[in-house]
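Novice: Take a look at the following structure, please.
The values are calculated or read from the model by the stated rules, or taken from the named source; none is laboratory data. Treat the numbers as computed from the prediction; the structure is a model and nothing was measured. Note that we place each Cβ from the backbone using ideal geometry, even for glycine, and neighbour counts take in every protein chain shown. Keep in mind that these areas ignore ligands, DNA and RNA; they rest on the heavy atoms of the full protein, side chains included. Shrake-Rupley method; radii C 1.70, N 1.55, O 1.52, S 1.80 Å.
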Amino acid sequence: MKKIFTLLFMNFMLIGVTMAQKDLRILLVHDNNNTPVMTDSIRHAITAAGYNYSDYDAVENGAPPTDILTPYELVVWATGKALSTNFFDGELPNEGIKGYLDNGGMLFVEGIDFMYDGFGSASDTFMVGDFAYDYLGVEVYLAQSHYDDTVYDGVPMMVATENNGICTVDTVDWRWSTMWGADAIIPTDGAKSIYDMGPSDYDFTGKSCMVYNEKGEAKILSAFIRWDGFKTFDLGVSVTTEILDYFNKFSTGAGNDVTSIDITSDSGFTISENNGSLQLGLTVLPEEATNKTVTWSIAEGSVDALISQDGLLTASGYDNQNGKVYVVATANDGSEVADTAEITISNQTVGDGYKVLLVNDNANGTDRYLVIEDALKAGNYNHKVFNAAVKGMAPDWELLSNFNFVIWYTGNDGVNLHFWDVSDSTNIQCNAALKQYADNGGTVWLQGIDFFYDIYGSQYSAKNAGGDSIITAFDAGSFVYDYLGIKEYVAQTHQNDGVFSDGVQQIDLTEENEITGIDPIKWVWSTMWNADVIDVTDNATPLYYMGPETYDFALYCAMVYNKKGESEFITSTFETGKIDTQENTNQFFKEVLDHFEELWTDVAIVPNEIKFNVYPNPATEMVNVELSFDKPEEVMIQMYDISGRMVYSKALTGIQGVQNTIIDVSNLSNGIYNLLVTSDNKRSNSRLVITK
């Protein structure tokens, strides 16, 4: 190694920490795997209220154990609108939070559906000895707003209870007319309602939706609403400030700050094994520091790698991600003390043959992509996964260039997808790295529902009685038209459907489809909602139509193939993770991938009998081909572009020992090329990327 410096790396941190204005030590637990960005509302509110906080990602790392929670005076557990959280373990709390509360901790838990996650649908009654009764102060989990509501479709507001001791903001209403999924609660005799549902003519008026309770030294505030639902940001800040100021009354002060951090390793500071890992350790001083926990992160400028929150660094396994990674450990006590270590990574490789990258861009259920990965495993495809939904970023060009085929999975998400680049609203593209990959001969399979809705909203055809159709049409020169081969975003299934009024029942194979043969494709449900109905350009190839023939949008497309220059896009506007069986999912993915792999192997002859090195790769001007033979050989070096056209050829005579051949590629276009070396009935190939 060498440890290179110890200073503040605030721009490299994964967490947000404000300058200290109040002493309460807060840990924010992000536990919303449905829409992760929703947690930002409470993050911003805590900051605006003048408090420091540290951030823990329970979606990625699981529930924090008691020893992680203990240094903090208040744990803010944000579930947002997740249906599956780490807060409950069955009908019990996770061991970490229960241990924390039993030691006298303070908890503020918020979100809709976390009661549903633990106990199922309302109603439910609790008694002494139950966690909900003893800790949360809930005697009856009565209902969820929107279930059996009559006057309003959901709860319109919440109203502060008189003299509740915490919140004085009298009426809180939402950025929507009503809120769905908020829990109506009857508190225990020992608990206090902070806010009740309202107004007076609402079904559950007078029933609590925010409860405060104490058990021993523990203090618990449970808010059964979405914190991103406040009508204005200032309203949310006002309520948040009053809650945090209440807990701040019990703060013992800032405690002893961390003064130094030293990153350590018992086995050196290198990773030389493909996909290898390195466990890093810490020395945190002083010994009596109140909060000795840290956040691990990777600094900008590093090669690709992952670091867990227990300090386990894992190399990427990508061909061009060998080099230096800079790991940062930052104190969580607000002291801003950090240390950085330099680790050298080598010998990483995706492997030989056809290489597939699965990009998970679905933040609305971040584990749905596993169905797709299971299909890749079943087909024995050489693949990697890039979790854009968890990382909060798209893969860059350098990473994408390792792969022959990219599956971009948006699942059932339609909010802030990393697929799109909307920096110029008049010229919407896919993200720049993916476009560069496509322009250089890459093949992309875009799939999921709502990815059009993410950008274009509900501007699709309204099949109404006598109304004008509003269709989002695309012109030649636009990304959607030229690359995806789509000229109209016509509708979403379930909108004004007639024969199958709640979605599309199946999709049917087209005569033009030479890629797959499954017919029809059906779902785990009887119909699928929100699949985008599209009409394709004359140059594109329709692969599947909406079906059956009696369906409203029959003969409109649900899957299309298009080629522009060297780029190839397959677009599936349905949820591929919800095909009716895993076996059919496996077969569907196998047929698509095998089709394109066969086209690739027609150009790329794979037997790897000759060992040679090609560098630099990617290249811009010159490429060095290093060969080594024990005895004299007659050698032919050839290079082919993505279409199979030979662009370079050179014969070498009597090659023995190490031979370096320089190839001038400055006159070749950006793209992916196949370098073929032949000698005495032996042949080997290597993939070469040229970028200027």
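Novice: Tally up the carbon and sulfur contribution to the accessible surface of the stretch 77-148 as a whole percent, 1.4 Å probe, everything protein left in place. Show your work: numbers first, answer last.
Specialist: Details: 1180 of 2760 Å².
With neighbouring chains kept in place, the figure for the stretch 77-148 is 43 percent.
Novice: Report, in listed order, any pair from 324/564; 324/692; 81/324; 590/692; 81/563 with a Cα-Cα distance greater than 32 Å. All intermediate terms of the calculation are to be shown ahead of the outcome.
Specialist: On the way: 324/564 37 Å; 324/692 24 Å; 81/324 39 Å; 590/692 34 Å; 81/563 40 Å.
Violating the 32 Å limit, Cα to Cα: 324/564; 81/324; 590/692; 81/563.
Novice: Something else now. Based on the Cβ-Cβ distance of residue 626 and residue 314, what FRET efficiency does E = 1/(1 + (r/R0)^6) give at R0 = 41 Å, to the nearest 0.05? Walk me through the intermediate numbers first.
Specialist: Working: r = 30 Å, r/R0 = 0.73.
Result of the calculation: an efficiency of 0.85.
Novice: Find which of 86, 61, 115 sits farthest along the positive direction of the dipole of the stretch 20-154, computed with +1 on the beta-carbon of Lys and Arg, -1 on that of Asp and Glu, about the Cα centre.
Specialist: Result: 61.
Novice: At R0 = 22 Å, how high is the FRET efficiency between residue 232 and residue 168 if r is their beta carbon distance? Nearest 0.05 is fine. Kindly include the intermediate steps, with their values, before the conclusion.
Specialist: On the way: r = 17 Å, r/R0 = 0.77.
Plugging the Cβ-Cβ distance into 1/(1 + (r/R0)^6) gives 0.85.
Novice: How far apart, in nm, are the 7 Å Cα→Cβ label points at residue 377 and residue 692?
Specialist: Output for this residue pair reads 4.4 nm.
Novice: Rounded to the nearest percent, how much of the accessible area of the stretch 149-289 (1.4 Å probe, protein heavy atoms only) is carbon and sulfur?
Specialist: Numbers: 2950 of 6320 Å².
Summing carbon and sulfur atoms, their accessible area is 47 percent of the total for the stretch 149-289.
Novice: Work out the length of the dipole vector of the chain about its Cα centre, built from +1 on the beta-carbon of each Lys and Arg and -1 on the beta-carbon of each Asp and Glu, and round it to the nearest 20 debye. Walk me through the intermediate numbers first.
Specialist: Values: 38 positive and 98 negative charges, 334 e Å.
I would put it at about 1600 debye.
Novice: While we're here: How large is the accessible surface per residue of the chain, computed with a 1.4 Å probe and reported in Å² as a whole number? Provide the component values of the computation, followed by the final result.
Specialist: Values: 28140 Å² over 692 residues.
In whole numbers, the chain has 41 Å² accessible per residue.
Novice: Next question, about the same structure. For the stretch 662-690 and the stretch 169-222, compute the distance between their C-alpha centroids and round to whole Å.
Specialist: Spelled out, the Cα-based centre of one part sits 67 Å from the other.
Novice: Just subtract the alpha-carbon distance of residue 471 and residue 125 from 0.36 nm times their residue separation and send over the number in nm, one decimal. Let's see the in-between values first.
Specialist: Details: separation 346, 0.36 × 346 = 124.56 nm, distance 4.99 nm.
Result: 119.6 nm gained on full extension.
Novice: Separate question: Once fully extended, how much extra length lies between residue 324 and residue 512, figured as 0.36 nm per residue of separation less the alpha-carbon to alpha-carbon distance?
Specialist: Numbers: separation 188, 0.36 × 188 = 67.68 nm, distance 4.87 nm.
Taking residue 324 through residue 512 to full extension adds about 62.8 nm, to one decimal.
Novice: Under a straight-distance cross-link criterion of Cα-Cα below 18 Å, which aspartates and glutamates are reachable from residue 22, leaving out those fewer than 8 residues away in the same chain?
Specialist: 55, 73, 242, 245, 257, 333, 336
Novice: Also, quick follow-up: Reachable aspartates and glutamates from residue 682, Cα under 16 Å, same-chain residues fewer than 8 places away excluded?
Specialist: 609, 630, 633, 634
Novice: Using only Cα atoms, find the angle between the long axis of helix 39-48 and the longest principal axis of the chain, and express it within 0 to 90 degrees, rounded to the nearest 10.
Specialist: Computed tilt is about 60 degrees.
Novice: Take the chain, drop everything but the C-alpha atoms, weight them equally and run the Debye formula without solvent; then report log10 I(q)/I(0) at 0.06, 0.10 Å⁻¹ to two decimals.
Specialist: Listed by q, the Debye log ratios stand at -0.43, -1.09.
Novice: Another question, if that's okay. Could you give the angle, 0 to 90 degrees to the nearest 10, between helix 233-248's Cα long axis and the longest principal axis of the Cα atoms of the chain?
Specialist: 60 degrees
Novice: Next question. Where Rh denotes the Kirkwood radius from the mean inverse Cα pair distance, what is Rg over Rh for the stretch 558-692?
Specialist: My calculation of the ratio gives 1.10.
Novice: Which of 562, 506, 574 sits farthest toward the positive end of the charge dipole of the stretch 475-584, with +1 on the Cβ of Lys and Arg and -1 on the Cβ of Asp and Glu?
Specialist: Among 562, 506, 574, the one farthest towards the positive end of the dipole of the stretch 475-584 is 574.
Novice: What number, in nm² with one decimal, is the all-direction average of the projected area of the convex hull of the alpha-carbon atoms of the stretch 276-430? Mind showing how you got there, number by number?
Specialist: Numbers: hull surface 46.7 nm².
Result: 11.7 nm².
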